[in-house]
Amino acid sequence: MQAKGKVFKYGDNVDTDVIIPARYLNSSDPKELATHCMEDIDKDFVGKVHEGDIIVATKNFGCGSSREHAPIAIKACGVSCVIAETFARIFFRNSINIGLPIMECPEAAKAISNGDEVSIDFDSGTITDITTGQAFKGQPFPEFMQKIINADGLMNYIKNK
Amino acid sequence: MGMTMTQKILASHAGLESVTAGQLIEADLDLVLGNDITSPVAIKEMDKMKLDSVFDKDKIALVPDHFVPNKDIKSAEHCKCVREFALKNNITNYFEVGEMGIEHALLPEKGLTVAGDVIIGADSHTCTYGALGAFSTGVGSTDMAAGMATGKAWFKVPSAIKFNITGKFNEYVTGKDLILHIIGMIGVDGALYRSMEFVGDGIKNLSMDDRFTIANMAIEAGAKNGIFPVDDLTISYLKEHSKREYKVFSADPDAVYDEEYTIDLGTLKPTVAFPHLPENTKTIDEIKEKIMIDQVVIGSCTNGRIDDLRIAAKLLKGRHIKKGMRLIVLPATQEIYLTAIEEGLVRTFIEAGGVVSTPTCGPCLGGYMGVLAAGEKCVSTTNRNFVGRMGDVTSEIYLASPAVAAESAVKGYIAAPGY
């Protein structure tokens, strides 16, 4: 599995309230949620993001509310992967459970800049910043989580078991 | 190697003699919780997979509490979806608007959460039940769906940070000040992926309501769970509220902790978290400038319990909030609401110039019942002060205890009694 796209870069502690504000949680439709994705931290995001683009952030991405609407909105925008130094734990679980690829890689999260062109090889865990030529080694998922991802999410995984 | 309290509970529910930090396990669940925001997504997941039954109708709690009484048509549709699912599956613990409360205040009160339980909830503040000596943690809607279908969830066994609590609070210093102090000290990711285990001879000086507040905000330090030892106070609370059998676990004497902190309650001062992170804390005497405010909110799963309302009413009795100020009080459950009426607290709030709402999470997450306009400032007893959390992205939230909130409502600026 591969991903390639332009980077939208954010800082520490991007919380799920800014990823998808609660005022839109009266809907659970992915397409509708996607139209408000990142609205309270970057109101231009929805207008600029293209299929395959990548979000890069530093520490504790997805902290706060457990709303699964946050990774759902990001995925529905066409984002192919979120790279961060660390993820908040509920966001981490939710992303795996809904099949939004995420990768913990402190070096990449620090070095990659907004607007860079980045490619990711999920099998090897290699993250390449095409703009700067730098390559990074991301944290591969434990086997157990890979099984969930390969089953296309937790619900398929338990159904197949 | 010894196990922490959390690890022992997880091991027992995974059918294992022992577990170690980092191990992936599958554990049996005693309760699966969802609300009107998260349950519809879980119900859709179950429908999609054609899973048409739940593992145990008595071990699921559905509490529409975020946008109820229904704030708009879309919210009403969500609540309808939850109601129909509850009816179809004959869910024992579905709480209609007249019998509800904010989930994390309601479930302990109804005796649905007891010591030794493993509980998941599709709400990040599910960690609240650690106050009773249970392992409880927030998850998303898909985990909730899988939990409702199978009665099981996978966990990565957490390591832990130990907080040794000593001493006793000074007057008007409460559990909220302690947890804000801790978050200020270790940061919003200071306990990421880990347990926060509270121990020490100061625990006996913490009321149950204080313990609920403290465990509730463990997530604001990134923790997987916060947990308290079970003592006489816990047992009398459990006996008063629940018919369920509880089980007392305690950490092994040789349990290993990543870090240890000792905190003397007597050294703590009223503490306020400044915008826009719960870790931006200042003690009241460190706030040199007068921060004028527009609104005060007293309530939520963090601070809407009876102790919270009593301390606020004590400070508001015979006084009036500053002209132009909005004070919104939200008792966290119908039972707490009734007690507040019987004790005259509601009269005190209204006579002081406040408004008292039925239980709802509404204003805490900028849903309704107290949304902030551009540039407005609010002192709130809730748990998050992120950008735009309560309304416009330029509004500001200052997190504080009910005592600080009440005093600030009277003064019109951030203030604490006795300072």
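The values are calculated or read from the model by the stated rules, or taken from the named source; none is laboratory data. Fair warning: this is a prediction, and the values are worked out from it, not measured in the lab. Neighbour counts are summed over all protein chains in view; Cβ atoms, including those assigned to glycine, are modelled from backbone coordinates with ideal geometry. Heads up: the accessible areas ignore ligands, DNA and RNA and are worked out on the full protein's heavy atoms, side chains in. Shrake-Rupley method; radii C 1.70, N 1.55, O 1.52, S 1.80 Å.
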By how many nm would the segment from B:N205 to B:K288 grow when fully extended, if each residue of separation counts as 0.36 nm and the alpha-carbon distance is taken off?
-> 26.8 nm
Kindly identify chain A as rounded, prolate or oblate by the Cα gyration tensor criterion: order the square roots of the eigenvalues as a ≥ b ≥ c, call it rounded if a/c is under 1.5, otherwise compare a/b with b/c, prolate if a/b is larger, else oblate.
-> oblate
Using only protein heavy atoms and a 1.4 angstrom probe, determine the accessible area buried between A and B, summed over both sides, in Å² to the nearest 100.
-> 3800 Å²
For chain A the mean separation of alpha carbon contacts under 8 Å (6+ apart) over residue count, i.e. relative contact order in percent, is 24 percent
Would you please classify the overall shape of the protein assembly as shown from the alpha carbon gyration tensor, given that a ≥ b ≥ c denote the square roots of the eigenvalues, rounded means a/c under 1.5, and beyond that prolate means a/b larger than b/c while oblate covers the rest?
-> rounded
Prolate/oblate/rounded label for chain B (Cα gyration tensor, a/c 1.5) = oblate
Just report the Cα centroid separation between the range B:18-76 and the range B:168-216, whole Å.
-> 27 Å
Run the numbers on chain B and let me know its relative contact order in percent, using alpha-carbon pairs under 8 Å that are six or more apart.
-> 18 percent
Round to the nearest 10 and report in Å² the accessible area of B:K152, as given by a 1.4 Å probe over the protein chains' heavy atoms.
-> 80 Å²
Within the accessible area of the protein assembly as shown (1.4 Å probe), percent carbon and sulfur = 50 percent
Ignoring ligands and nucleic acids, what accessible area does B:K57 show with a 1.4 Å probe (Å², nearest 10)?
-> 80 Å²
Given unit charges at Cβ for Lys, Arg (+) and Asp, Glu (-), the dipole magnitude of the range B:5-263 about its Cα centre in debye, nearest 20, is 480 debye
Find how many whole Å separate the alpha carbon centroid of the range B:1-15 from the alpha carbon centroid of the range B:345-380.
-> 41 Å
Shielding of B:176-189 by partners, i.e. mean partner chain Cβ atoms within 10 Å per residue?
-> 2
Drop in accessible area of at least 30 Å² in the complex versus isolated chain, residues of the range A:114-160, 1.4 Å probe = A:F144, A:M145, A:L154, A:M155, A:I158, A:K159
Beta bridges per DSSP with both ends in chain A, % antiparallel, nearest 5 = 50 percent
Unit charges at the beta carbon, dipole of chain B: most positive-side option, B:I328, B:L31, B:T381 | B:I328
Using only Cα atoms, locate the centre of the range A:22-88 and the centre of the range B:229-271, then give the distance between them in Å, rounded to an integer.
-> 37 Å
Tell me, what HN-Hα J-couplings in whole Hz come from the Karplus equation 6.51 cos²θ - 1.76 cosθ + 1.60 at θ = phi - 60° for each residue of the range B:344-356, using x for Gly and Pro?
-> x, 5, 5, 4, 4, 4, 5, 5, 7, x, x, 10, 10
Taking r as the C-beta separation of A:K147 and B:I73 and R0 as 60 Å, the FRET efficiency to the nearest 0.05 is 0.90
Note, the range B:249-261: 3J(HN,Hα) by Karplus (6.51, -1.76, 1.60, θ = phi - 60°), whole Hz, Gly/Pro = x, goes 10, 9, 5, 5, x, 9, 4, 9, 10, 5, 8, 9, 10
Roughly speaking, what is the stretch gain from B:K57 to B:E343, that is 0.36 nm per residue apart minus the C-alpha to C-alpha distance, in nm to one decimal?
-> 99.3 nm
Farthest positive-ward along the range B:5-263 dipole, Cα basis, beta-carbon charges - from B:I203, B:A122, B:G175 = B:A122
Farthest toward the dipole's positive end in chain A, which of A:G99, A:F122, A:G47, given Cβ charges of +1 (Lys, Arg) and -1 (Asp, Glu) about the Cα centre?
-> A:G99
Which residue fluctuates the most in chain A, going by a Gaussian network model with Cα springs under 10 Å, if the choices are A:N26, A:N97, A:N13?
-> A:N26
The set of residues whose placed amide H lies less than 5 Å from the amide H of B:V355, leaving out same-chain residues fewer than 5 positions away, is B:L327, B:I328, B:V329
By per-residue mean of other Cβ atoms within 10 Å, what is the highest-first order of B:311-319, A:45-53?
-> B:311-319, A:45-53
